Amino acid sequence: MKRILLFIIILLPLGFSLYELFILENVKDPIKYIYTFTGVSATVILFASISISLIKKWINLLKYRRMIGLFGFFYAFLHFLNFYILDAELDFSFVVKETLDKPFIYLGMLAFFILIFMASTSTKTLFRKYNKYHKLVYFALILITIHFVMAQKSLTIVQLIYILLILFISYFKLLQQIIKNNIPNNITR
Ligand code: HEM
């Protein structure tokens, strides 16, 4: 039941955007619109996936962490497809030029490569082998936050709230790590 509910919640942004794009047809700049809904959805879902251990006392979603992370990757992939197919019109040299010319694209691309690595090593067997590298998600989230801030021409109140929320989650995650590292092994076992 929880799984189905999560599925519905996570796919809501996609459903709502498709409705606006194809049924209501009220979107003036579809490329910008798709950048925003895919970028923000991926960011929110990825931050939600690292917050699961913070809220496990109240709601235990630990067994859905992989699924939630993969949905985050799914939205990031749509974000990339928007760039490659609609914005760059499949021109690979444009992709390379934009990536090298614009630091915020470069950071987004780097974060995207980390997400590809994490998604492709998230199967049971590969995860056992590569799980220590999955801490790279924190690095990717830092890159994503900088990318997100740099992509703004001006900051609105909603974007400021996102950024405050991101800092809030990061603070508690850091605190959790510090506490975990300071507890002697014989107590944690
Ligand atoms: C694959 C490499 C990436 C490229 C080429 C890329 C490209 C872009 C571009 C061009 C924009 C600006 C859109 C505009 O307002 O005109 C943007 C914004 C954004 N991107 Fe990315 N991005 C990449 C990776 C990512 C990743 C991995 C994430 C998150 C997981 C992400 C999240 C965002 C967010 C949240 C925004 C701001 C959306 C807004 O407020 O309008 N991007 N990206």
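Quick note: the coordinates plus some simple rules give every number you see, no bench work behind them. What you see is a predicted model, and the numbers here were worked out from it, not measured in a lab. Here the Cβ is made from the backbone with ideal geometry for all residues, glycine too, and neighbour counts use every protein chain on show.
Here the range 42-133 is assigned +1 on the Cβ of each Lys and Arg and -1 on the Cβ of each Asp and Glu. Its dipole about the Cα centre then comes out at about 1000 debye. Only the Cβ atoms of Lys and Arg (+1) and of Asp and Glu (-1) were treated as charged; on that basis the dipole of the chain about its Cα centre amounts to roughly 1480 debye. Compute the long axis of helix 157-182 from its Cα atoms, compare it with the longest principal axis of the Cα atoms of the chain, and write down the angle in degrees, 0 to 90, nearest 10. On a 0 to 90 degree scale, this one is about 30. For helix 92-101, report the angle its Cα long axis makes with the longest principal axis of the Cα atoms of the chain; keep it between 0 and 90° and round to the nearest 10°. Computed tilt is about 70 degrees.
Each peptide in 141-148, 24-31 receives the mean, over its residues, of other Cβ atoms within 10 Å, and ordering these scores from highest gives 141-148, 24-31. Charges were assigned to the Cβ only: +1 to each Lys and Arg, -1 to each Asp and Glu. The resulting dipole of the range 28-95 about its Cα centre is roughly 680 debye. Other residues lying with their Cβ under 15 Å from the Cβ of ASP29 contribute a combined charge of 0, Lys and Arg counting +1, Asp and Glu -1.
Helix 2-18 and the long axis of the chain differ in direction by around 20°, with both axes built from C-alpha atoms.
Going by the alpha-carbon gyration tensor, a ≥ b ≥ c the square roots of its eigenvalues, is the range 1-138 rounded (a/c under 1.5) or, if a/c is not under 1.5, prolate (a/b greater than b/c) versus oblate? Oblate.
Placing unit charges on each Cβ (+1 for Lys and Arg, -1 for Asp and Glu) gives the chain a dipole about its Cα centre, and among ASN131, SER170, ILE105 the Cα reaching farthest toward its positive end belongs to ASN131.
Note the count of lysine pairs whose C-alpha atoms are less than 18 angstrom apart in the range 49-183, limited to pairs 8 or more residues apart or on different chains. Here the count comes out as 13. Each of MET67, MET118, MET1 was scored by other Cβ atoms within 10 Å of its Cβ. Arranged with the fewest first, they read MET1, MET67, MET118. Our helix-only sum for the chain, with -39,500 (n - 2.57) per DSSP H run of n ≥ 4 divided by its residues, gives a mean residue ellipticity at 222 nm of -24000 deg cm²/dmol.
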